[in-house]
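Written below as structure tokens is the structure these notes are about.
The values are calculated or read from the model by the stated rules, or taken from the named source; none is laboratory data. Source: prediction; values computed, not measured. We place every Cβ from the backbone using ideal geometry, glycine too, and count neighbours over all the protein chains shown. The protein model used for the area step is the full one, side chains on, heavy atoms only, and it has no ligands, DNA or RNA in it. Shrake-Rupley method; radii C 1.70, N 1.55, O 1.52, S 1.80 Å.
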Amino acid sequence: MTLCLNGAKILLGITGGIAAYKSAELCRELTKKGANVRVVMTKGATEFITPLSMQALSGNPVHIELLDSSAEAGMGHIELAKWPDLIVIAPATANFIARYSQGLADDLLGTLLLASTSRVALVPAMNQAMWLNPLTQRNINELLRIFQKNIDIWGPQNGEQACGDVGPGRMLEAKEICSNVEGLFSCKNPPVIGKGELFGKRVIITAGPTREAVDPVRYISNHSSGKMGYALAGACRDQGAEVVLISGPCYLDCPESVQRVSVISAIEMYETVMKELNLGCDIFIASAAVADYRPLHLSDKKIKKNGEADMSIALCQNPDIVASVASTPHKPFTVGFAAETNDLIKYAAGKLKKKNLDMIIANDVSNPSIGFNSEQNEVHVITKNDQIKLERKSKSNLSIEIVNLIIKHKLSAC
Ligand code: PMT
């Protein structure tokens, strides 16, 4: 068995809810995977599950009291706050979430959360009406607003509750929480807020133009700014994906928590994509405007005028990156773009088929206010059985819609 969490230091906070019994199984799952688990319980939690059980399952003393003299001597709250790689609060009750969002430090768990800079995963569990109550939602939103990338909210699930109600409020099952924890530790660029539909998925995106050198001072390129591809990278990241952005020359900042690999030419982009593909890829999005051709010969000296009125440069074809990805045996869900000046749908649909894509985004680049180097875009999203127009909006808002469609189609393809 591989110990995916080998050595990971996890502080498991248990608050007082009926779902606390699931935390025992969670503790067992985490330790089975190699994590070092320390348990902190609120007084309420001890009404639902005994500290002795949690001690036996974690193999470590359980911490309850803020001013417990024996605990202070062993591991005080400040020491405890500095210890974990990740704090998982499961179950997180409505009362606890309210206190946490207020920054209250009236018990050990509240105090060490205030003193800790570790990433926190909250696993809410409560009655559905309490979860849906605007006050709880406000508290959750406040925590997300304040901690942003340093907090995850996992769940709750819909379903039947201990009180007989049906609705959102059930705590996730131990195995699911454990796999979320594994995802966090295995992800090079941990997801931003919440679990997201692409949590645990690796997405590779190409963006921007390529430059095909003619000589040391000249190149062939196009008007792509990279804005569309960079916005897509942010949208995939916000859905919890690990994102690798393979970018041609652009003047844009890399979106936070996205891994950017900068390239210049189509050949370099092709080689980088193939290398990254080998490291795993669930979704590939080709938004780059890749030069179809490059100069056949690269002059190592600046080409001089030859005295003639005309001159020509022989070109040779570049590899088609997106078609190459789509022809691999374990092809990821592959999305292409089509930049067209006429017969938009016809040409885009043709490329969908010819390149064996799962989806193509048709871009009318004859309109200067959308497409290349614009702030806004409007596109047609075409799949084998579907075609939908996404109206004009900012590239970042459009990306959210495109990524939602990718999620919908990818899930239905699985
Ligand atoms: O970067 P922006 O300024 O924000 O502009 C966005 C955009 C207009 C560049 C973008 O939305 C877009 O339409 N990108 C695709 C441009 C393009 O090259 O289209 P194409 O029809 O020539 O290529 C079809 C598909 O094949 C594209 O997914 C392209 O990335 C891919 N391709 C093309 C050639 C090649 N050698 N390898 C490829 O992978």
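For this structure, a couple of remarks:
- Surface per residue (accessible, 1.4 Å probe) for region 121-235, Å²: 42
- The simple Förster model, with R0 at 25 Å and r as the Cβ-Cβ distance, assigns TYR21 and LYS149 a FRET efficiency of 0.20.
- ³J(HN,Hα) computed for each position of region 308-315 - Karplus, 6.51 cos²θ - 1.76 cosθ + 1.60, integer Hz, glycine/proline x: 8, 6, 10, 8, 10, 10, 6, 10
- Residues of type lysines that LYS33 reaches as a straight line, Cα spacing below 16 Å, ignoring anything fewer than 8 places off in the same chain: LYS9, LYS175
- Angle of helix 344-354 to the longest C-alpha principal axis of the chain, folded into 0 to 90 degrees and rounded to 10: 80°.
- Surface/4 estimate of mean projected area, convex hull on alpha-carbon atoms of region 9-185, nm²: 9.1
- For TRP83, the accessible area of its heavy atoms, probed at 1.4 Å with every protein chain present, is near 30 square angstrom.
- Alpha carbon Rg of region 196-273, scaled by the compact-globule rule 2.2 N^0.38 Å: 1.16
- For the chain, a simple Cβ point-charge model (Lys and Arg +1, Asp and Glu -1, everything else neutral) yields a dipole of about 780 debye relative to the Cα centre.
- With Cα atoms, 0 to 90° folded angle of helix 266-278 axis to the chain main axis: 30
- Principal axis analysis of the Cα atoms in region 275-318 yields extents of 53, 19, 14 Å, listed in decreasing size.
- The residue list LEU67, GLY155, ALA94 was ranked by how far each Cα lies along the charge dipole of region 9-185 toward its positive end, using unit charges on Cβ atoms, and GLY155 comes out on top.
- Partners for LYS410 among aspartates and glutamates (Cα-Cα distance below 18 Å; same-chain residues under 8 apart left out): GLU197, ASP238, GLU242, ASP282, ASP358, ASP386, GLU401
- Calculated from backbone phi, Karplus (6.51, -1.76, 1.60) coupling profile of region 77-83 in Hz, x at Gly/Pro: 5, 6, 4, 5, 5, 8, 6
- Dimensions of region 142-267 based on its C-alpha atoms, expressed as ranges along the principal axes with the largest first, amount to 74, 26, 22 Å.
- C-alpha long axis of helix 227-238 to longest principal axis of the chain, angle in °: 20
- Restricting region 102-205 to trypsin sites (Lys or Arg not before Pro) in coil, as DSSP defines it, with at most 13 other Cβ within 10 Å: LYS188
- Span per principal axis, largest first, for the Cα atoms of the chain (Å): 92, 45, 39
- Working note: Karplus 6.51/-1.76/1.60 with θ = phi - 60° gives region 392-397 the couplings 4, 6, 4, 4, 6, 5 Hz, where Gly and Pro are set to x.
- The chain: calculated mean residue ellipticity at 222 nm from DSSP helix runs of at least 4, using -39500 (n - 2.57): -10000 deg cm²/dmol
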